[in-house]
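Step one of this worksheet: look at the structure below.
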Amino acid sequence: MLFVQDRDYSIIGNIILALLLCGVAFLLLLLIRKIVITVLDGIEMVYALFQKRPIFIHFYLFKSELTAEQTFILKSEFTFYNRLSKRYKRYFRHRVATFLRRKKFEGKKGFVVTEEVKVLVAATGVMLTFGFRNYLVSYIKNIIIYPSMYYSRFSKTENKGEFNPRLKTLVLSWDNFLDGHRIEDDKLNLGIHELAHAIHFNSIKNDDINSVLFVDTFSELRNLLSDDSRLKERLMASKLIRSYAFTNDSELLAVIIETFIEAPDEFKSSFPEIYGKVKQMLNFNFANY
């Protein structure tokens with residue numbers, strides 16, 4: 001017969017007590033973490049209320065790096081990157097590398113997704129969210145590239161590009177993307193336009209500080225145009241903003257961001273108040289802006 005001595009029960013009791021203490025310590029750490037995060041969020045909200053931007057944007061324990069080929073593409077073909085300081089270029093490369101790792105690219109109709117395709121699309125997304133702390137646009141998981149215009153089974157139309165939030169999918173036609181990317185001052189940029197739609201939807205669905213500022217500032221912009229009929233009429237009559245912008249609020253936002261990125265000087269001189277709102281939405285404090 002097997003006998004269990006008193007000391008065996010003592011060991012079991014000590015183990016159970018240790019596990020309970022570990023559990024209590026873990027719960028306390030979670031509580032402390034929640035309290036600290038709540039306090040920090042509150043401080044940042046107060047700061048953002050007055051400054052209209054987050055306290056900080058860039059903080060990385062570990063930075064990812066692009067390959068030599070990817071970095072060459074970025075240096076050769078992306079003007080925004082080349083205007084950044086050395087420190088910001090390092091942050092930009094880290095964000096592009098992370099974007100590439102997190103998103104799935106797929107070519108359709110025989111289109112081959114090359115490193116150039118991936119880097120230019122990723123860099124466009126990173127550029128638009130470079131003033132955001134949470135920059136990956138969680139409502140984009142898949143990026144589909146067609147060689148040219150395609151028939152969309154969702155809208156039942158021939159499209160150059162689209163954003164489908166339900167499928168978390170961004171769709172682009174490469175020839176139109178390239179035209180928009182390489183002609184930098186015509187205020188027509190498919191990549192910027194469709195990514196702006198994705199950022200808009202993503203901001204509505206999230207409550208981080210940049211999303212809140214983005215949505216609130218766009219609301220201020222809509223109210224500005226609604227309250228000042230002369231300003232809206234002047235904007236509509238200008239050659240700065242194409243008429244498609246006034247289809248609905250979503251298109252207004254996308255076209256205004258296209259214009260902001262590609263014609264900042266003209267935009268600022270013609271409509272400084274609207275320009276300021278877009279700059280605030282994107283938290284865009286970089287060279288040339």
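Only the coordinates and a few stated rules stand behind these numbers; no lab work does. Just so we're clear, the structure is a prediction, and the values are computed from it rather than from any experiment. As a convention, Cβ positions derive from the backbone with ideal geometry for all residues, glycine included, and neighbour counts pool all protein chains shown.
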Self-check item: Model label zone, L30; criterion: amide N under 15 Å from point 7 Å along Cα-to-beta-carbon; scope region 201-219
Solution: none
Practice problem: Find the centroid of the Cα atoms in region 146-172 and in region 215-282, then give the distance between the two in whole Å. | Solution: 25
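Quick check on the chain: what are the equivalent-ellipsoid semi-axes from the Cα gyration tensor, as sqrt(5λ), descending, whole Å?
Numbers: eigenvalues 391, 130, 73 Å².
Three semi-axes, in Å: 44, 25, 19.
Just the number, please: percent antiparallel of the DSSP beta bridges in the chain, rounded to the nearest 5. Kindly include the intermediate steps, with their values, before the conclusion.
Working: 7 of 16 bridges.
Of all bridge pairs located within the chain, approximately 45 percent are antiparallel.
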Practice problem: Report the one residue of P165, T217, L190 whose Cα lies farthest in the direction of the positive end of the charge dipole of region 147-221 (charges on C-beta: Lys and Arg +1, Asp and Glu -1; origin at the Cα centre). | Solution: P165
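Can you give the charge dipole size of the chain about its Cα centre, rounded to the nearest 20 debye, using +1 on the beta carbon of Lys and Arg and -1 on the beta carbon of Asp and Glu? Each step should come with its number before you reach the end.
On the way: 40 positive and 32 negative charges, 100 e Å.
Here the chain has a charge dipole of around 480 debye.
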Quiz item: Looking at region 92-158, which trypsin sites (Lys or Arg not before Pro) are DSSP coil and have at most 14 other C-beta atoms within 10 Å of their C-beta?
Solution: K108, K109, K141, R153, K156
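What does the charge count around K52 come to, taking other residues whose C-beta lies under 11 Å from its C-beta (Lys +1, Arg +1, Asp -1, Glu -1)?
+1
Between Rg and the Kirkwood Rh of region 110-195, both from Cα atoms, what is the Rg to Rh ratio? Intermediate results must be reported in sequence, preceding the final value.
Working: Rg = 12.7 Å, Rh = 13.4 Å.
Rg divided by Rh gives 0.95.
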Self-check item: Charged-residue dipole, Cβ positions (Lys, Arg, Asp, Glu), region 1-159 about Cα centre, Debye nearest 20
Solution: 700
Exercise. Take the Cα of E273, step 7 Å along the line toward its Cβ, and report every residue of region 210-242 whose backbone nitrogen sits under 12 Å from that point.
Key: 221-235
Quiz prompt | Whether region 163-204 is rounded, prolate or oblate, judged on the alpha carbon gyration tensor where a/c under 1.5 counts as rounded | solution = oblate
